[in-house]
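Working notes, structure below.
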Amino acid sequence: MATRSGRRFRFRFPRPGLNTLSALGAAMADGPVAELLLQRLEAADGGLDSAEFATQLGVEHQAVVGAVKSLQALGEVIEAELRSTKRWELTDEGEEIAREGSHEARVFHSIPAEGLAQSELMRLPSGKVGFSKAMSNKWIRVDKSAAEGPRVFRVVSSCRCVGRWQTVGPWPSHPLLWQVDKVEDEVQRRLQLVQGGQAEELGEKERSELRKRKLLTVVTLKTYWVSKGSAFSTRISKQEAELSPEMISSGSWRDRPFKSYNFAARGVLPDSGHLHPLLKVRSQFRQIFLEMGFTEMPTDNFIESSFWNFDALFQPQQHPARDQHDTFFLRDPAEALQLPMDYVQRVKRTHSQGGYGSQGYKYNWKLDEARKNLLRTHTTAASARALYRLAQKKPFTPAKYFSIDRVFRNETLDATHLAEFHQIEGVVADHGLTLGHLMGVLREFFSKLGLTQLRFKPAYNPYTEPSMEVFSYHPGLKKWVEVGNSGIFRPEMLLPMGLPENVSVIAWGLSLERPTMIKYGINNIRELVGHKVNLQMVYDSPLCRLDTEPKTPQTQAA
């Protein structure tokens with residue numbers, strides 16, 4: 001390479017491995033590469049492309065990019081325009097096929113003249129994919145009449161191939177067939193064209209087929225078009241980054257160039273903790289309840305007695321939900337020792353004899369069954385405790401409660417169910433509340449979640465009457481999906497607590513996991529909660545923002 005003084009230099013770059021090239025590029029980014037770039041730019045007509053320059057120099061493109069950025073930091077020495085170009089590249093599987101042949105060709109070459117059992121063929125590395133492709137290409141055929149099972153032969157009726165006529169089996173029971181000896185592997189040929197930089201010779205349909213098979217991909221290459229700046233020079237003067245005490249004492253700082261401060265540069269992010277997606281969505285739901293004037297209930301009783309979990313809710317002791325295959329019962333401590341016995345007696349009487357306008361369930365209610373400890377199956381047990389405390393306050397004061405906490409059920413684990421999950425619950429107690437009030441509160445609550453198209457469907461719950469399932473239209477799924485359950489607590493539950501007769505309590509609930517999975521695009525709940533959770537998912541998940549744009553609510557009864 002010639003310089004301005006006329007002297008010629010020869011740069012020889014060995015062809016090392018990738019790691020050596022990376023180290024070489026990093027070392028040359030601020031030194032020889034930048035100098036060579038300026039020298040080449042001085043002789044260039046108009047400018048040069050960073051990728052072509054990297055190829056000519058024999059270094060990685062990233063090394064040239066580093067040199068360009070270093071020169072940009074010096075001021076207006078150069079001008080660099082970022083350009084994007086697209087090119088076709090082979091995937092890892094595509095490179096393998098370009099080297100060793102397509103799956104169908106490998107299947108074809110693995111079949112001897114006497115054929116191969118289909119079961120044995122399917123055990124080959126390329127068997128499953130190659131078999132179907134070779135069959136569609138009519139390179140092979142399957143003889144299902146073979147005594148030992150289906151057998152595959154190199155036989156086709158017409159193809160771009162070389163072969164010979166022969167029979168398989170005795171004549172004339174087996175007809176004369178064309179035995180293929182050689183096929184043209186078009187897939188390998190096309191991939192080799194792309195590998196050689198001749199992708200433009202393939203048609204759009206051929207490239208599309210290779211992309212469908214995940215053998216070809218489009219890569220966007222970003223390069224710089226570098227040209228001379230207004231202060232262009234081939235001499236690089238190193239700029240100082242720090243002002244040292246020696247420069248100040250000697251006065252040399254007056255004659256030295258300094259790098260300008262980049263006040264737009266971002267600092268290094270400090271190490272910090274990360275909130276799990278469930279906690280982010282939970283905080284959003286909690287904020288919605290607080291905005292609506294609700295008070296959070298204490299929910300610290302993971303271990304609950306059957307009385308508060310079932311009996312206080314007017315759920316009979318023979319109900320299937322109280323079986324061990326649905327509920328986790330405790331062995332130690334097995335029973336609750338402290339219960340409000342006057343309230344217990346009223347609940348017992350309501351179950352066994354009726355009262356408050358109800359005939360009850362007419363069975364022998366047992367205190368031992370009510371004392372059994374369990375892991376609570378719903379946060380409605382906390383709602384029952386809160387309503388009982390409210391009933392003891394005289395005179396009655398309307399209240400709005402909410403809770404978001406864990407519940408436990410003995411369920412089979414799958415992609416959408418866990419034995420431990422979170423339940424969101426809202427409760428409103430006031431005089432004369434009706435089903436219309438419930439639908440209005442639900443409309444207000446779900447509109448804050450961005451769900452404005454609602455449908456209500458009648459349902460059954462042991463402790464609410466009437467009861468409704470809440471459905472919302474999902475634009476992505478293009479169908480109605482269940483988003484919650486709701487109802488009005490029965491008088492058999494409220495009146496034994498001591499609440500006035502004209503007081504009604506409306507309630508609704510939904511899970512925390514389902515909206516979280518929808519918001520973060522998670523299909524398997526075990527990827528959200530449990531020992532299979534990838535911690536990187538927690539670090540990378542952004543803050544949760546529910547769609548809360550105001551829209552005109554639409555409510556429809558099913």
Name the one entry in Arg83, Arg154 that is within 30 Å of Ala231 (Cβ to Cβ) and among the basic types (Lys, Arg).
Arg83
Any residue at all in region 362-381 that's at positive phi, surrounded by fewer than 18 Cβ atoms within 10 Å (Cβ to Cβ) and of a type outside the set (Ser, Thr, Tyr)?
yes
Residue count for region 307-339, restricted to those that are assigned to a helix (DSSP H, G or I), closer than 23 Å to Ser511 by Cβ and open to solvent by less than 20 Å² (accessible area, probe 1.4 Å)
5
Report yes if some residue within region 63-81 is within 28 Å of Leu202 (Cα to Cα) and either surrounded by 13 or more Cβ atoms within 10 Å (Cβ to Cβ) or among the polar types (S, T, N, Q) (or both); otherwise report no.
no
Condition met for Asp300 (open to solvent by 10 Å² or more (accessible area, probe 1.4 Å) and out of contact with any Pro (no Cβ under 6 Å at 6 or more places or on another chain))
yes
Could you check region 4-112 for helices (runs of 4 or more DSSP H) lying wholly inside it with 3 or more residues that are modelled with pLDDT of 75 or more?
32-43, 50-57, 61-72, 92-100, 103-109
Being loosely packed, with under 10 Cβ neighbours inside 10 Å, modelled with pLDDT of 80 or more and of a type in the set (A, V, I, L, M, F, W, C) narrows it down to one of Phe263, Phe232, so name that one.
Phe263
Would you point out the residue of region 205-240, among those that are assigned to a loop (DSSP other than H, G, I, E, B) and under 28 Å from the mean Cα position of the chain (by Cα), that is nearest to Glu96 (Cα to Cα)?
Leu215
Residue check for Phe408: open to solvent by less than 30 Å² (accessible area, probe 1.4 Å), more than 16 Å from Trp508 (Cβ to Cβ), within 37 Å of the chain's Cα centre (by Cα) and not aliphatic (A, V, I, L, M):
yes
Can you name every residue in region 485-533 that is of a type in the set (D, E, K, R) and either crowded, with 22+ Cβ neighbours inside 10 Å or touching a strand residue (DSSP E or B) at 6+ places or on another chain (Cβ under 7 Å) (or both)?
Arg490, Glu492, Glu513
Among the residues of region 253-306, what is the count of those that are over 30 Å from Leu330 (Cα atoms), part of a helix (DSSP H, G or I) and of a type in the set (A, V, I, L, M)?
3
Which of the residues spanning region 285-331 are in contact (Cβ under 8 Å) with a residue 24 or more places away in the chain and either of a type in the set (A, V, I, L, M) or not assigned by the TED database to the domain that holds Thr350 (or both)?
Ile288, Met292, Met297, Ile303, Ala312, Leu313, Ala321, Leu330
Residue under question is Tyr401, and the condition is that it be in a helix (DSSP H, G or I) and buried (at least 18 other Cβ atoms within 10 Å of the Cβ); does it hold?
no
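The values are calculated or read from the model by the stated rules, or taken from the named source; none is laboratory data. Predicted model only: the values in this text are computed from it and were never measured. Cβ sites come from the backbone with ideal geometry, for glycine too, and all protein chains shown count toward neighbours. For the accessible areas, the whole protein counts, side chains as well, though only heavy atoms, and no ligand, DNA or RNA atoms are used. Shrake-Rupley method; radii C 1.70, N 1.55, O 1.52, S 1.80 Å.
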